[in-house]
């Protein structure tokens with residue numbers, strides 16, 4: 001009986017040592033600097049990167065494309081970014097962390113473009129910034145708070161008619177703005193220079209034009225606002 005038990009135990013230990021044959025489950029030994037790939041020749045595996053013996057990134061691969069949950073770390077080894085990929089394209093939630101471990105920003109991606117509401121947090125979890133996106137562009141609905149938690153008033157679009165043209169700019173005179181004419185569900189970029197957009201009115205009746213502005217806020221965030229003319 002003891003002989004049979006010993007044979008069974010030895011077989012179990014041998015199977016455990018050999019594993020399932022999945023190279024992706026085997027982390028390499030740390031190295032001073034550079035990258036190490038663990039996987040098969042078809043590009044299915046994980047690429048590890050090191051800096052001063054510290055793991056700074058883990059990039060999962062499928063058929064040589066980034067695929068799955070990729071992680072980046074601060075120089076001390078704490079998590080910095082978590083990004084979800086689908087065959088080389090961002091797909092799902094991207095999370096950035098403070099160096100002390102708290103969540104800093106959440107951004108949802110669909111087919112490699114921001115699509116959903118982006119949130120930024122204080123270390124205590126309080127939301128300090130949120131802006132909705134659609135197919136990579138900000139849409140109206142930004143909420144931005146100052147250091148005291150007060151909601152920041154956002155600029156508006158100012159229109160000026162000059163002959164047969166319509167000029168538009170932001171009320172805070174920022175030059176970091178792009179303008180779009182919205183027609184049903186389509187967007188057409190309005191030619192602009194130094195923060196001023198110019199659109200030929202043609203025979204368009206007043207009140208028929210919908211304009212959206214995508215701009216950079218005073219705090220460096222992206223925002224959007226719409227107005228009718």
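The values are calculated or read from the model by the stated rules, or taken from the named source; none is laboratory data. The model shown is predicted, which means the values in this text are computed figures rather than measured ones. Glycine gets a Cβ as well: all are built from the backbone with ideal geometry, and neighbour counts include every protein chain shown.
Identify, by number, the condition in (1) modelled with pLDDT under 95; (2) closer than 22 Å to residue 110 by Cα that residue 130 doesn't meet.
If we test residue 130 against (1) modelled with pLDDT under 95; (2) closer than 22 Å to residue 110 by Cα, just (1) comes out false.
Taking only the stretch 110-155 into account, find how many residues are surrounded by 13 or more Cβ atoms within 10 Å (Cβ to Cβ) and assigned to a loop (DSSP other than H, G, I, E, B).
10
Out of everything in the stretch 184-198 that is touching a residue at least 12 places away in the same chain (Cβ under 8 Å) and in a strand (DSSP E or B), what residue ends up being surrounded by the fewest Cβ atoms within 10 Å (Cβ to Cβ)?
198
Kindly indicate the residue of the stretch 66-93 that is at pLDDT 95 or above and over 20 Å from residue 114 (Cα atoms) and also farthest from the chain's Cα centre (by Cα) among those meeting that condition.
Kept after step one, since they are at pLDDT 95 or above, are these residues of the stretch 66-93: 66-74, 78-93.
Restricting the remaining residues to those that are over 20 Å from residue 114 (Cα atoms) gives 73-74, 78-79.
Working: 73: 16, 74: 18, 78: 20, 79: 16 Å.
Checking each candidate, the answer is 78.
When the residues of the stretch 199-229 are filtered to those that are crowded, with 16+ Cβ neighbours inside 10 Å and farther than 30 Å from residue 147 by Cα, which remaining residue is modelled with the lowest pLDDT?
This residue is 201.
Can you tell me which residue within the stretch 94-109, out of those that are in a strand (DSSP E or B) and more than 10 Å from the chain's Cα centre (by Cα), is nearest to residue 213 (Cα to Cα)? Can you show your working first?
First pass over the stretch 94-109, keeping only residues in a strand (DSSP E or B): 94-97, 103-109.
Retained after the next criterion (residues that are more than 10 Å from the chain's Cα centre (by Cα)): 97, 103-104.
Details: 97: 30, 103: 29, 104: 26 Å.
Going through the qualifying residues, I end up with 104.
Do we find that residue 54 is touching a strand residue (DSSP E or B) at 6+ places or on another chain (Cβ under 9 Å) and within 25 Å of residue 218 (Cβ to Cβ) in this structure? Give the derivation first.
On the way: touching a strand residue (DSSP E or B) at 6+ places or on another chain (Cβ under 9 Å): yes; within 25 Å of residue 218 (Cβ to Cβ): no.
Judged against the criteria, residue 54 is not a match.
Suppose we filter 72, 82, 96, 91 for residues that are closer than 18 Å to residue 33 by Cα and assigned by TED's automatic domain parsing to the domain that holds residue 28; which single one remains?
Values: 82 fails: closer than 18 Å to residue 33 by Cα; 96 fails: closer than 18 Å to residue 33 by Cα; 91 fails: closer than 18 Å to residue 33 by Cα.
Of 72, 82, 96, 91, the one residue that is closer than 18 Å to residue 33 by Cα and assigned by TED's automatic domain parsing to the domain that holds residue 28 is 72.
Do the conditions hold for residue 69, that is, is it closer than 27 Å to residue 214 by Cα and surrounded by fewer than 16 Cβ atoms within 10 Å (Cβ to Cβ)? Quick ask: steps written out before the conclusion?
Details: closer than 27 Å to residue 214 by Cα: no; surrounded by fewer than 16 Cβ atoms within 10 Å (Cβ to Cβ): yes.
So residue 69 fails the test.
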